[in-house]
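Read through the structure below, which is laid out as structure tokens, and then see the notes.
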Amino acid sequence: MIAQIVFIAITLAAIALFSYNIKKVIRNIQLGKSADRSDQPHKRLMTMLKVAFGQTKMFFRPIPAFLHLIVYAGFVIINIEVVEILIDGIFGSHRIFSGLGFIYDFLIGSFEILAFGVWLGCAIFLIRRNVIKLKRFSGVEMTKWPRSDANYILISEILLMTAFLLMNAADAKLQALGAHHYTNAGAFPISQYLQNVLPNSEGALVAIERGCWWFHIIGILAFLNYLPYSKHFHILFAFPNTYFSNLEPKGEFTNMKSVTNEVKAMLDPSFTPEEAEPGRFGAKDVNDLTWVNLMNAYTCTECGRCTSVCPANITGKLLSPRKIMMDTRDRMEEVGKNIDKTGNGFDDGKSLIDSYISREEIWACTSCNACTEACPINIDPLAIITELRRYAVMEESQSPASINTMLGNIENNGAPWKYSPADRFNWAKES
Amino acid sequence: MSEQLNFEVPTMAELIAKGEEPEILFWVGCAGSYDERAQKTTRDICKILHHVGIKYAVLGTEESCTGDPAKRAGNEFLFQMQAMTNIEVLNAYNIKKIVTGCPHCFNTIKNEYPGLGGSYEVIHHTQLIQQLIDEGKLKAEGGESFKGKKITYHDPCYLGRGNGVYEAPRKALEVLDAQLVEMKRCKSNGLCCGAGGAQMFKEPEKGNKDINIERIEEALETQPNIIAAGCPFCMTMISDGVKLKDQDQNVQVLDIAEITVRANGL
């Protein structure tokens, strides 16, 4: 009875804490400007199913895709087991679904195989990060915390899976001993090999079984609450992020409505503008970006596929699309904390541009869309870079001198070079 | 095979004056108009249009920058000024269909003009060439033979990833009976030449290599006779790279339109 109360209390506390943090995350995302992504719901749903659920974009790199698929499938499917744990925890029952007979055996057996797969996948991931030290996992933005974050996640998953398998091994042994409360149920294709390392006494086995059971469920609840602090948020955000992702051709940049109004008014004085969102041109800080940009930042798993294909980064420039996303998230969290402390309107004198992302970074971009193509969950760093450039050029008139010259040429000659418009058709006459 | 055009390139103004309408407008673009190397491609596109007998026209001196480099550089004002002025001209001429000689113009007019009041059917010249080949109007006969030559095609970002056009330029090369080889990074995984996003008009940021060198090294790994391009900016970057690698005697950098013209002896 006490165990049940403790269980319910822990579960409720975990859910409450998670809701509290999620609310803050949503509040932070809503710091962004509006963007309409309600069109083509069917196409959006298909994109989500294909890209997030089906992980189609992962398969450009088959080895991590395969390992990731196992970890993903394992993690999702084993969570069915969590339903049983929750029911058992609340009602004090043991393996409540065991009445399902051979179906239950099949389920538990599959969970074990998957758990072993997850265990192995995470172990290989740890080796790739810490022993082989793949280049993709390094870079200026991959400071101590992002690297530890990744390791914590992988280690926790390994511990959770170990607890799950040990729990089953102890349970099976108790079943064989005919221990009270331990009904004969389940198939244990993996954990049977762990039975030998366990003690034989019933008391010790119960302690191990219960210990692992509590560790498993508390671990999962702790993991859930770790998500908002971690890069691992993608396990939830991948779905809305792909659903709301850009469906237009990648080459298309948004036309700024606020500018259209001004240009139309300039060309036609009788023009009355439609309602446009107020604010500055482009983005100086996170609240000048759209909620989609900000959701992108929370979704980023820091896998570095974007950076590894970025032509600027490959050739040693400062720009790293992954850093753009990480900086956006860090700044958004900072602004969020400022609001928590002092309410809206507090100015800490910092901004996304300069305090986080430098001019050198944004001007190194070739807008080639390699980063957006490479992202397995349709994150768009280019959209943020473009907004920062817009701010630099339109609000501050701060762009590299050669860019200014080019802009001046377009304005005066209708071409980015200093040629006379009268000579535009000369190509047809000369050889 | 003379460089010079032995026919007059019709302008919209002339056609309208004669009470005629073109089937398609050829949007030349700034590079195609002013850049000496790109001018050759422009003339070759005209040769193809003339050869197959499509009724076409250019805007001539009425054409102006699409605003693409301004938009990529972040100057939305200048972009929209250019766009709206161009749209006014295009709409006044009642233009329905446009072929561009540049992926940047192609992307801008196709994707960004509709929202500002300019909706046209827009194709890139490699798509036109592919259509003409499919329709049997264009072959690879009567000109230079490319048989056995190794050709590698560099995907321009704004044609490939930007708009998903990967097959048309390749189809245009497939008729040549040449040996097509792909670079390690091709199609959706293609590496930028380094000119996009207004980089063409500025010095690169500090780094350890220029992007076009990275690309040209990859292209040269395929040991090509010809590197095929579909964009005047890629043409500049790749040609520069080939020169810097001292390979300009061995490797030609040609636009798909130039290759087509040569193969057909136009």
According to the Kirkwood expression over distinct Cα-Cα pairs, how big is the hydrodynamic radius of segment A:161-208, in Å? 10.5 Å
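With an 8 Å Cα cut-off and a minimum separation of 6 or more residues, compute the relative contact order for chain A in percent. Write out the running numbers ahead of the final one.
On the way: 484 pairs, mean separation 81.6, N = 431.
Reported relative contact order: 19 percent.
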Kirkwood hydrodynamic radius (Cα pairs, Å) of segment B:139-264? 14.7 Å
What percent do you get for the relative contact order of chain B when only Cα pairs under 8 Å and 6+ apart count? 21 percent
Hey, what angle do you get for helix A:62-91 against the long axis of chain A, alpha-carbon based, 0 to 90 degrees rounded to 10? 50 degrees
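Calculated from DSSP H runs of 4 or more alone, at -39500 (n - 2.57) each and per residue, what is the 222 nm mean residue ellipticity of chain B, nearest 500?
On the way: 11 runs with 107 residues, N = 266.
The helix contribution divided over chain B gives -11500 deg cm²/dmol.
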Cα pair distances exceeding 18 angstrom across segment A:313-417, given as percent: 58 percent
Starting from the amide H of B:V99, placed 1.01 Å from N in the peptide plane, find each other amide H under 5 Å away whose residue is 5 or more places distant or on another chain. B:L25, B:F26, B:W27, B:I123
Listed residues A:V82, A:V292, A:V263, most fluctuating in chain A (Gaussian network, C-alpha, under 10 Å): A:V263
So if I restrict to the alpha-carbon atoms in segment A:188-318, what is the Rg, and what is Dmax, the biggest pairwise distance, in Å? 26.7, 91
Folded to 0 to 90 degrees: helix A:321-342 orientation relative to chain A principal axis, Cα: 80 degrees
By the 4.7 Å beta carbon criterion, which cysteine residues of chain A come out unpaired? A:C122, A:C212, A:C300, A:C303, A:C310, A:C365, A:C375
What does the accessible area of A:L120 come to, in Å² to the nearest 10, when a probe of 1.4 Å is used? 80 Å²
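Convex hull over the Cα atoms of segment A:61-243, averaged projected area in nm²? Walk me through the numbers before you get to the answer.
On the way: hull surface 49.3 nm².
Average of the hull's projected areas for segment A:61-243 equals 12.3 nm².
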Highest-fluctuation residue, B:L220, B:L116, B:L49 considered, GNM on chain B with Cα pairs under 10 Å: B:L116
Hey, in the GNM for chain A with a 10 angstrom Cα cutoff, which one of A:I208, A:I15, A:I132 fluctuates hardest? A:I132
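Against the 2.2 N^0.38 Å scaling, with N counting residues, where does the protein assembly as shown land? I'd like the Cα-based Rg ratio to two decimal places. Spell out each step's value before the answer.
Working: Rg = 30.3 Å, N = 697, 2.2 N^0.38 = 26.5 Å.
The protein assembly as shown yields a ratio of 1.14.
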Over the residues of segment B:12-130, compute the C-alpha Rg and express it relative to 2.2 N^0.38 Å. 1.01
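Which whole-number percent gives the relative contact order of segment B:139-264, counting Cα pairs below 8 Å spaced six or more residues apart?
Numbers: 187 pairs, mean separation 44.9, N = 126.
Reported as a whole number, the value is 36 percent.
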Cysteines having no other Cys beta carbon under 4.7 Å from their own, within chain B: B:C30, B:C46, B:C65, B:C186
Give me the base-10 log of I(q)/I(0) for segment A:201-251 at each q in 0.21, 0.23 Å⁻¹, Debye formula, one uniform scatterer per Cα, rounded to two decimals. -0.81, -0.86
By per-residue mean of other Cβ atoms within 10 Å, what is the highest-first order of A:164-171, A:21-28, B:30-37? A:164-171, B:30-37, A:21-28
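First obtain the Kirkwood hydrodynamic radius of chain B from its Cα pairs, then insert it into the Stokes-Einstein equation at 37 °C and 0.692 mPa s, and state the resulting D in µm² per second as a whole number.
Values: Rh = 18.8 Å.
Value of D from the Cα-based Kirkwood radius: 174 µm²/s.
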For peptide B:152-161, compute the average count of partner chain beta-carbon atoms within 10 Å of each residue's beta-carbon. 3
If you place +1 on the Cβ of every Lys and Arg, -1 on the Cβ of every Asp and Glu, and leave all else neutral, what size is the dipole of segment B:1-97 about its Cα centre, to the nearest 20 Debye? 240 debye
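Just tell me how shielded B:24-34 is by partners: mean number of partner chain Cβ atoms within 10 Å of each residue's Cβ, no decimals. Before the final figure, lay out each step's value.
Details: counts 0, 0, 0, 0, 4, 1, 9, 3, 2, 11, 11.
Per residue, the average neighbour count from other chains is 4.
The values are calculated or read from the model by the stated rules, or taken from the named source; none is laboratory data. Not measured: the values here are computed from a predicted model. Don't worry about glycine lacking a Cβ; one is built from the backbone with ideal geometry, like all the others, and counts go over all protein chains shown. Just the protein is used for accessible areas: all its heavy atoms, side chains included, with ligands, DNA and RNA removed. Shrake-Rupley method; radii C 1.70, N 1.55, O 1.52, S 1.80 Å.
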